[in-house]
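Asks: I have a structure here, written as structure tokens, and I will follow up with some questions on it.
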Amino acid sequence: MDDIWDDEPVQNAQSHAEWTKMSSDFTNTGYREGITAGKEGALQEGFDAGFAQIGVPLGRELGNMRGIASVLVAFLSQSGSPLLDEARTISTALNSVRFADIAPRDLEAEEHARQHLETEGEEVDVPEEIDDKRKMEGLEDMLNKLSSGALNPADHSRPTMADVTKLKTRLENLVLESGLNINWS
Amino acid sequence: MDFDLESLVHVEQDFYDAGYTDGYEHGRIHGLIEGRALGREKGFEMWEELGFYEGLCKTWRSVLEMQGKQDSRATHHITHLLDLISKFPSVNPSQEDAETNANMDISRLLRLIRSRYKALCASLGIVPSLRATDAEGGSDEDAPTTTRKSVWKVNAAPKAEDMSF
């Protein structure tokens with residue numbers, strides 16, 4: 001007799017648990033597959049935006065400056081000009097600039113990574129290729145520090161966009177002083 | 001009993017769909033972020049090289065003018081090189097563009113630019129930048145270069161593997 005009376009609530013609790021499990025199983029499966037589809041659908045859109053809006057203009061600008069500086073070094077050393085030192089300094093400084101130094105922050109990416117960290121305590125994966133590149137650059141920095149010792153600690157800070165802007169002004173002045181005429185566009 | 005089973009199937013689908021919709025929105029955010037990160041690196045890499053040639057051309061042109069050598073072979077190379085660079089897309093072309101426009105053979109255009117640059121260096125008697133040397137080494141591994149080309153050229157139907165290299 002006891003069994004009969006007790007049976008019902010137990011079964012109810014059980015079926016409730018099964019129901020919850022079933023619903024969350026299906027929701028989770030849908031969520032996982034939705035993430036994959038959503039990601040694949042948006043990759044190209046993001047790629048094109050980053051390519052055209054950030055990568056190309058920054059690369060073109062820095063590349064132009066480097067090209068101009070390299071010719072100035074060649075031209076001024078031919079003519080034995082006292083301006084050569086300045087040209088060399090600018091050229092060397094420009095060559096040490098990396099994309100990571102001057103790339104603007106991706107605020108949406110930072111915000112989203114922060115949300116992940118807060119809700120799950122997990123960091124968002126960085127694309128492998130970019131992760132590898134950053135690691136190589138970190139290694140480069142370390143080797144530079146080792147080889148130059150502590151002789152010139154000020155040199156170890158990475159250049160910034162502000163530094164690049166200053167270099168551009170110096171480069172423009174140098175072009176004028178060299179008597180050349182360049183369309184900077 | 002039949003009715004219950006039927007509605008249960010719908011309920012499963014409803015749960016799945018609700019999950020899918022939320023997941024899709026979340027996945028989009030990740031796709032945009034990751035795509036942007038890859039795209040800006042790629043765009044920077046491509047145009048740093050082209051920009052270097054561009055700046056070099058503009059400066060040498062001025063040097064040659066100053067030296068009264070406007071009609072030299074070098075000036076001729078410079079004109080052609082600047083023209084080729086101006087044809088290079090600064091926006092990732094869509095697949096339709098690539099198919100309808102025969103000039104959109106980007107890897108060919110890049111090869112033309114690099115060889116014209118090396119010809120210019122030869123006529124000026126200067127050593128070509130490592131950028132062009134890299135390109136020569138790159139021709140050995142033609143396979144990855146070809147898949148990469150598709151990454152930013154015909155990437156209209158991207159696969160996750162393609163994008164993350």
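Asks: For the stretch A:97-151, please list each of the helices (runs of 4 or more DSSP H) lying entirely inside it that holds at least 2 residues being closer than 24 Å to A:K39 by Cα and without any contact (Cβ under 8 Å) to a residue 24 or more places away in the chain.
Replies: Filter on the stretch A:97-151 gives A:107-120, A:128-148.
Asks: Does the stretch B:11-29 include one or more residues that are closer than 30 Å to B:T79 by Cα and either in a helix (DSSP H, G or I) or not hydroxyl-bearing (S, T, Y) (or both)?
Replies: no
Asks: For the stretch A:70-88, how many residues are assigned to a helix (DSSP H, G or I) and more than 8 Å from every other protein chain (Cβ to nearest Cβ)?
Replies: Residues that pass the stated criteria total 9.
Asks: Right, another one. Can you pull out every residue in the stretch A:170-185 that is more than 7 Å from every other protein chain (Cβ to nearest Cβ) and either of a type in the set (S, T, Y) or touching a Ser or Thr at 6+ places or on another chain (Cβ under 8 Å) (or both)?
Replies: Result: A:V175, A:S178, A:S185.
Asks: When you scan the stretch B:76-88, how many residues do you find that are part of a helix (DSSP H, G or I) and open to solvent by less than 50 Å² (accessible area, probe 1.4 Å)?
Replies: 6
Asks: Next up: Criterion first (out of contact with any Phe, Trp or Tyr (no Cβ under 9 Å at 6 or more places or on another chain), open to solvent by 40 Å² or more (accessible area, probe 1.4 Å), more than 7 Å from chain A (Cβ to nearest Cβ) and in contact (Cβ under 8 Å) with a residue 40 or more places away in the chain) does B:R73 satisfy it?
Replies: Yes.
Asks: Just to be sure, is B:E34 facing chain A (nearest Cβ under 7 Å), touching a residue at least 24 places away in the same chain (Cβ under 8 Å) and assigned to a helix (DSSP H, G or I)?
Replies: For B:E34, the condition - facing chain A (nearest Cβ under 7 Å), touching a residue at least 24 places away in the same chain (Cβ under 8 Å) and assigned to a helix (DSSP H, G or I) - is met.
Asks: Condition first: within 11 Å of chain B (Cβ to nearest Cβ) and either surrounded by 15 or more Cβ atoms within 10 Å (Cβ to Cβ) or under 22 Å from B:C121 (Cα atoms) (or both). Now tell me which residues in the stretch A:89-105 satisfy that.
Replies: A:L94, A:N95, A:V97, A:R98, A:F99, A:I102, A:A103
Asks: Where residues in the stretch A:126-159 are on the phi < 0 side of the Ramachandran plot and modelled with pLDDT under 75, which of them is least open to solvent (accessible area, probe 1.4 Å)?
Replies: Applying the filter and picking the extreme gives A:S148.
Asks: What pairs come out if I take residues in the stretch A:167-185 that are open to solvent by 90 Å² or more (accessible area, probe 1.4 Å) and pair them with residues that are of a type outside the set (D, E) whose C-beta lies under 7 Å away, six or more apart or interchain?
Replies: Once the first residue is open to solvent by 90 Å² or more (accessible area, probe 1.4 Å) and sits in the stretch A:167-185, its partners that are of a type outside the set (D, E) give A:R170/A:I90; A:E177/A:L83; A:N181/B:S62; A:N183/B:K58.
Asks: Only one residue in B:V91, B:V63 is farther than 12 Å from B:Y117 by Cβ and open to solvent by less than 20 Å² (accessible area, probe 1.4 Å). Which one?
Replies: Checking each option against the conditions leaves just B:V63.
Asks: Could you list, in sequence order, all residues of the stretch A:41-64 that are buried (at least 19 other Cβ atoms within 10 Å of the Cβ) and over 18 Å from B:S90 (Cα atoms)?
Replies: Correct list: A:A42, A:L43.
The values are calculated or read from the model by the stated rules, or taken from the named source; none is laboratory data. Worth saying up front: this structure is predicted, and the values here are computed from it rather than measured. Glycine also receives a Cβ, built like all others from the backbone with ideal geometry; neighbour counts cover every protein chain displayed. Calculation scope for accessible area: heavy atoms of the full protein, side chains included, ligands and nucleic acids excluded. Shrake-Rupley method; radii C 1.70, N 1.55, O 1.52, S 1.80 Å.
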